[in-house]
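**Student:** Just passing along the structure, written as structure tokens.
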Amino acid sequence: MRVKNELGITVSVGVSDNKIFAKLGSDLKKPDAVSVVPPNRFWDTVWHLPVSDLLYVGPKTTKKLRDANIMTIGDLAKIPREVLVARFGKVGEQLYKNAHGLDDSPVAKVGEYEDQKSIGFGFTFRHDLITREECKIAINYLSDDVARRLRKAEMVCNTVQLTIKDEHLAVIQRQRTLPHPSDIAHDISALAYKILEDEWSEARPIRMLTVTAQNLTRSEFSSEQIDMFGTQDEARREKD
């Protein structure tokens, strides 16, 4: 009530012993409500909800779960952990934990995370880059450093920016959004090189390149859409 009176906005609050169920609780009643998910009887509040209400389960995964006759969070929770892990690996483990509220990650205090806004790496070359192959090697090198620093900072990026300077010191900057948050060098370099192909004439020599990861999110808070039915692409990403 105080927030509404002083700021003129409504707030829905979820209360539980873990962030997974607290998030679920915050969506149960809107607007201007407090919902409690008790740790000793959470199944009464949570398990009847649609499986799509579970954190990280988006439309794609929801459809596949429903195709397997998994309609509610309770349906998912009743599948033994070992069965989910055997079939879906790491993703199955995470879905099992989320359905049971098995989350002990700490809640950050106000101001605890003063996160970086971007992570970039640029290089001025001794000789101008002429061919696409030279540019690709350079972008791979820069992206590898950016990805390493992202992982060290426990961050993922949603946007990649490429800065190009030609032999006359003219500069352009272009950015694009990744299909999913990432700290993988291949993802970053592929998008950066696509920007180069689309935005830069091969006839123009390049003096400097900078690859910058932007729109950063902490890895633990990243909401990348998971697919529990593990495609080959997802297996490659996990390996990367």
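The values are calculated or read from the model by the stated rules, or taken from the named source; none is laboratory data. Computed from a predicted model, the values in this text were never measured in an experiment. Quick reminder, even Gly has a Cβ in these numbers, built from the backbone with ideal geometry, and neighbours come from all protein chains shown. Only protein heavy atoms, including side chains, enter the accessible area calculation; ligands, DNA and RNA are left aside. Shrake-Rupley method; radii C 1.70, N 1.55, O 1.52, S 1.80 Å.
**Student:** For the stretch 115-132, what are the residues that are open to solvent by 80 Å² or more (accessible area, probe 1.4 Å), farther than 18 Å from residue 215 by Cβ and in a loop (DSSP other than H, G, I, E, B)? Lay out the reasoning, then the answer.
**Tutor:** From the stretch 115-132, those open to solvent by 80 Å² or more (accessible area, probe 1.4 Å) are 116-117, 123-124, 126-127, 130; that's our starting set.
Then drop every residue that is not farther than 18 Å from residue 215 by Cβ, which leaves 123-124, 126-127, 130.
130 - this is the single residue of the stretch 115-132 that is open to solvent by 80 Å² or more (accessible area, probe 1.4 Å), farther than 18 Å from residue 215 by Cβ and in a loop (DSSP other than H, G, I, E, B).
**Student:** Starting from residues that are charged (D, E, K, R) and in contact with a Lys or Arg (Cβ under 8 Å, 6 or more places away or on another chain), keep the ones in the stretch 110-148 and report whichever is modelled with the lowest pLDDT. Break it down stepwise before answering.
**Tutor:** Let us first name the residues in the stretch 110-148 that are charged (D, E, K, R), namely 112, 114-115, 117, 126, 128, 132-134, 136, 144-145, 148.
When the remaining residues are screened for being in contact with a Lys or Arg (Cβ under 8 Å, 6 or more places away or on another chain), the result is 115, 128.
Details: 115: 61, 128: 93.
So, considering only residues that are charged (D, E, K, R) and in contact with a Lys or Arg (Cβ under 8 Å, 6 or more places away or on another chain), the one modelled with the lowest pLDDT is 115.
**Student:** Taking only the stretch 74-97 into account, find how many residues are closer than 20 Å to residue 44 by Cα and either of a type in the set (A, V, I, L, M) or in a loop (DSSP other than H, G, I, E, B) (or both).
**Tutor:** If we filter the stretch 74-97 for residues that are closer than 20 Å to residue 44 by Cα, which is where we start, we get 74-80, 95-97.
Now drop any that are not either of a type in the set (A, V, I, L, M) or in a loop (DSSP other than H, G, I, E, B) (or both), which leaves 76-80, 95.
Total meeting the criteria: 6.
**Student:** Moving on. For residues that are free of Cβ contacts under 8 Å to residues at least 60 places away in the same chain and of a type in the set (Asp, Glu), scanning just the stretch 1-32, find the one that is surrounded by the fewest Cβ atoms within 10 Å (Cβ to Cβ).
**Tutor:** Filtering the stretch 1-32 down to residues free of Cβ contacts under 8 Å to residues at least 60 places away in the same chain leaves 1-15, 22-32.
Now restrict to residues that are of a type in the set (Asp, Glu): 6, 27, 32.
Details: 6: 8, 27: 12, 32: 13.
Taking the candidates together, the pick is 6.
**Student:** Out of all the residues in the stretch 40-59, which are within 16 Å of residue 73 (Cα to Cα), more than 21 Å from the chain's Cα centre (by Cα) and open to solvent by 70 Å² or more (accessible area, probe 1.4 Å)? Spell out how you get there, then give the answer.
**Tutor:** As a first pass, look at the stretch 40-59 and keep what is within 16 Å of residue 73 (Cα to Cα): 41-59.
Filter again for more than 21 Å from the chain's Cα centre (by Cα), leaving 41-50.
Matches in the stretch 40-59: 41, 43, 44, 48.
**Student:** Within the stretch 79-97, which residues are over 24 Å from the mean Cα position of the chain (by Cα) and either under 17 Å from residue 62 (Cβ atoms) or open to solvent by 80 Å² or more (accessible area, probe 1.4 Å) (or both)? Break it down into steps so the answer makes sense when it comes.
**Tutor:** Going through the stretch 79-97, the residues over 24 Å from the mean Cα position of the chain (by Cα) turn out to be 79-83, 86.
The answer is 79, 81, 82, 86.
**Student:** Specify the residue that is nearest to residue 217 (Cα to Cα); the eligible residues are those in the stretch 154-173 that are open to solvent by 50 Å² or more (accessible area, probe 1.4 Å) and without any contact (Cβ under 8 Å) to a residue 60 or more places away in the chain. If you could, list the steps in order and put the result at the bottom.
**Tutor:** Filtering the stretch 154-173 down to residues open to solvent by 50 Å² or more (accessible area, probe 1.4 Å) leaves 154, 165, 167-169, 171, 173.
So of that shortlist, the ones also without any contact (Cβ under 8 Å) to a residue 60 or more places away in the chain come out as 165, 167-169, 171, 173.
Numbers: 165: 28, 167: 35, 168: 36, 169: 33, 171: 28, 173: 22 Å.
That would be 173.
**Student:** Can you tell me which condition residue 191 does not meet? The list is (1) touching a helix residue (DSSP H, G or I) at 6+ places or on another chain (Cβ under 7 Å); (2) of a type in the set (A, V, I, L, M, F, W, C); (3) modelled with pLDDT of 95 or more, and all the others hold.
**Tutor:** Checking residue 191 against (1) touching a helix residue (DSSP H, G or I) at 6+ places or on another chain (Cβ under 7 Å); (2) of a type in the set (A, V, I, L, M, F, W, C); (3) modelled with pLDDT of 95 or more, the one that fails is (1).
**Student:** So for the stretch 174-189 (the condition being part of a helix (DSSP H, G or I) and open to solvent by 50 Å² or more (accessible area, probe 1.4 Å)), does at least one residue qualify? Reasoning before the result, please.
**Tutor:** At the first step, the residues of the stretch 174-189 found to be part of a helix (DSSP H, G or I) are 185-189.
The next check asks that each one be open to solvent by 50 Å² or more (accessible area, probe 1.4 Å); those that pass are 186.
Yes: the stretch 174-189 contains one or more residues that are part of a helix (DSSP H, G or I) and open to solvent by 50 Å² or more (accessible area, probe 1.4 Å).
**Student:** Still on this structure, I have one more. Listed residues 119, 172, 188, 184; which is among the β-branched types (Val, Ile, Thr) and over 29 Å from residue 56 (Cβ atoms)?
**Tutor:** Working: 119 fails: over 29 Å from residue 56 (Cβ atoms); 188 fails: over 29 Å from residue 56 (Cβ atoms); 184 fails: over 29 Å from residue 56 (Cβ atoms).
Only one candidate passes the filter, namely 172.
**Student:** Is there a residue being touching a Lys or Arg at 6+ places or on another chain (Cβ under 7 Å), of a type in the set (A, V, I, L, M, F, W, C) and assigned to a loop (DSSP other than H, G, I, E, B) anywhere in the stretch 25-33? Let's see the steps before the verdict.
**Tutor:** First, pick out the residues of the stretch 25-33 that are touching a Lys or Arg at 6+ places or on another chain (Cβ under 7 Å): 32.
Going one step further and asking which of them are of a type in the set (A, V, I, L, M, F, W, C), we end up with none.
For the stretch 25-33, residues touching a Lys or Arg at 6+ places or on another chain (Cβ under 7 Å), of a type in the set (A, V, I, L, M, F, W, C) and assigned to a loop (DSSP other than H, G, I, E, B): absent.
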